[in-house]
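Peer 1: Submitted below is the structure of interest, expressed as structure tokens.
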Amino acid sequence: MIQPDTTQGSNKNKDMKEDTVPPLAGRHIFTGVKILAHHSDIVRHLIWIDHYRLASAGDDCVVVVWDVQMGVKLKVLVQHNLPITCMMIIHPEPDITDSLLLVTGSSDKQLCVWNVDTGRCMQVIKDHHSPVKCLLEIPQPKLFCSGGDQKLCLWNQHGSLLYEHNMDCNEADIHSMLLLNDDWIVAATGDKLMVYGVLRGSDDIPECRIKRLKRLTATEHRDSIHCIIHVSEHTFASGSIDGSIVLWCSKTLAPFRFFMQPFSHNVVGNEGEKHDFPLSIQHMIAFQHVQQRFLLTTLGNGFCIYDVETGKMLAENKQAHNSKILYVCLVKNNSVLATCSEDGRLMLWGCIREQADVLDDNIFNRLLGTSQVDFPKSCDSKRVLKLKHIGECKGHSGAIQMCVNNGNNGLISCGSDGLVMAWSNAAQDAMSLNRLIQGIVFGTR
């Protein structure tokens, strides 16, 4: 069930325009849901295959391929015997008609390469000696990397091992990776980042291989780095479970900005009083408008939006949920922020003022109902906006692990209850279904 937030604050501020502008009731609220049921355990991962097919995987060791538009199950991929920990799509070359390939990694120490169209397992790889934790596609040529134990493996798209790099025995396992400049791999190991170079074959040395280039250390990261993301062509960011965020230059591999945490004065140490890392960064996304770039990050139970150029915090919500936020995404043409949490709630945030027209081409206007020019130019300004709670998608009965954007159709979520849910606008669903049926009847799909 999807419900809008109709609560009103008890304190009225006459100086705030938002109190004099009526909300646009229900504008961002999803009114329909499809329940995609097959999994028998926690669903942790969702990945888009194409514009209508989605793959889900988790602790029941299977991958399910769904037709999200129709709400039906297409394929069930069975091979692993322990929870699936990561998956990735390998895209064929533009002029090649080969099927998309799905690669899955698991706690059973295996990698599987699947033909998405037929559901056939094309290759089972058993070279890892401990759980596989992350995968990374290298587009040129078609390669991919896997990491987890103290090992980084390079494969071709068919699952043949090209090179195996063994790490030092005192280094932590690799749990996330990022590709820079097409041939650098940044791998998160504990509170450090390791940079590896992908050396492509030549006439003298035809084999592809991996070479360790550099260890990146930022004193701001005092505990495990949980996520690393691209911010721009020249910048990437790392976030750790102690709440630290560091911006790095993709060319020089040097750190150049550290985001101060707004809630740190309420926290005792990095781990907190209950040793649960209350400012843990579980997920980050970057978005932009023209030359302006922004970083949206979870911080424990809350979230923040930073201006990448100035390091200024533009918007925040300290207590968006009762438990840690696990994943965030922007939906509805970037006008709504969706957050999912361990508390089992999928919350919707945004602006409900009329001037925040969803057709506005400024992403900041759409999401916050203001433009960045409204902010004082001084970085010392303490003015911070707060996104409005505009609705909630109620349906899951346990922690919600992930949510992904479904374009104009809404969003998809998965959780510990074993369900995948497709949230949408019911009226748009009816029109889309009519177009879909017409396409099937007349052969245009």
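Bear in mind that the values in this text are calculations on the coordinates, not laboratory data. Just so it is clear, the model here is predicted, and its values are computed rather than measured. Cβ atoms come from the backbone with ideal geometry, glycine included; neighbour counts cover every protein chain shown.
Peer 1: Which value in nm describes the separation of the simple spin-label points at GLN140 and VAL72, placed 7 Å from the Cα toward the beta carbon?
Peer 2: With each label point 7 Å from Cα toward Cβ, the separation is 4.1 nm.
Peer 1: Where in region 422-445 is the amide nitrogen less than 15 Å from a point lying 7 Å along the Cα-to-Cβ axis of VAL404?
Peer 2: From region 422-445, the list is 422-423.
Peer 1: Enumerate by residue number the trypsin sites (Lys or Arg not before Pro) in region 118-188 meeting two conditions: DSSP loop (anything except H, G, I, E, B), and at most 12 other Cβ atoms within 10 Å of the site's Cβ. List each step's numbers first, then the result.
Peer 2: On the way: sites: ARG120, LYS126, LYS133, LYS142, LYS151; in loops: ARG120, LYS126, LYS133, LYS142.
Filter output for region 118-188: ARG120, LYS126.
Peer 1: While we're here: Gap in Å between the Cα centre of region 161-188 and the Cα centre of region 61-76?
Peer 2: After rounding, the separation between the Cα centres reads 32 Å.
Peer 1: PHE256 versus HIS230, label points 7 Å from Cα toward the beta carbon: distance in nm?
Peer 2: My value for the distance between the label points is 1.8 nm.
Peer 1: Multiplying the sequence separation of ASP98 and LEU82 by 0.36 nm and subtracting their Cα-Cα distance, what value in nm do you get? Show your work: numbers first, answer last.
Peer 2: Working: separation 16, 0.36 × 16 = 5.76 nm, distance 2.93 nm.
Full-extension gain reported as 2.8 nm.
Peer 1: Modelled label-to-label distance, GLN292 and LYS211, 7 Å Cα→beta-carbon offset: nm?
Peer 2: Those two pseudo-labels are separated by 4.3 nm.
Peer 1: Shifting gears a bit: Could you go through region 32-48 in sequence order and give the Karplus-derived ³J(HN,Hα) for each residue, using 6.51 cos²θ - 1.76 cosθ + 1.60 with θ = phi - 60°, rounded to whole Hz, and x for Gly and Pro?
Peer 2: Each residue of region 32-48 in turn: x, 8, 10, 9, 9, 10, 7, 5, 10, 8, 4, 9, 10, 10, 10, 8, 6 Hz.
Peer 1: Is the C-alpha gyration tensor of region 91-182 telling us rounded, prolate or oblate? Criteria: a/c under 1.5 is rounded; beyond that, a/b larger than b/c is prolate, otherwise oblate.
Peer 2: On the way: a/c = 2.39, a/b = 1.50, b/c = 1.60.
Oblate, since a/c reaches 1.5 and b/c is not below a/b.
Peer 1: Please give the FRET efficiency for SER432 paired with ASP168, using the beta carbon to beta carbon distance and R0 = 56 Å, rounded to the nearest 0.05. Let's see the in-between values first.
Peer 2: Details: r = 53 Å, r/R0 = 0.95.
It comes to 0.60.
Peer 1: Whole-Hz ³J(HN,Hα) for each residue in region 82-89, computed from phi via Karplus 6.51 cos²θ - 1.76 cosθ + 1.60 with θ = phi - 60°, x for glycine and proline: what do you get?
Peer 2: With coefficients 6.51, -1.76 and 1.60, one gets 9, x, 7, 9, 6, 8, 7, 9 Hz.
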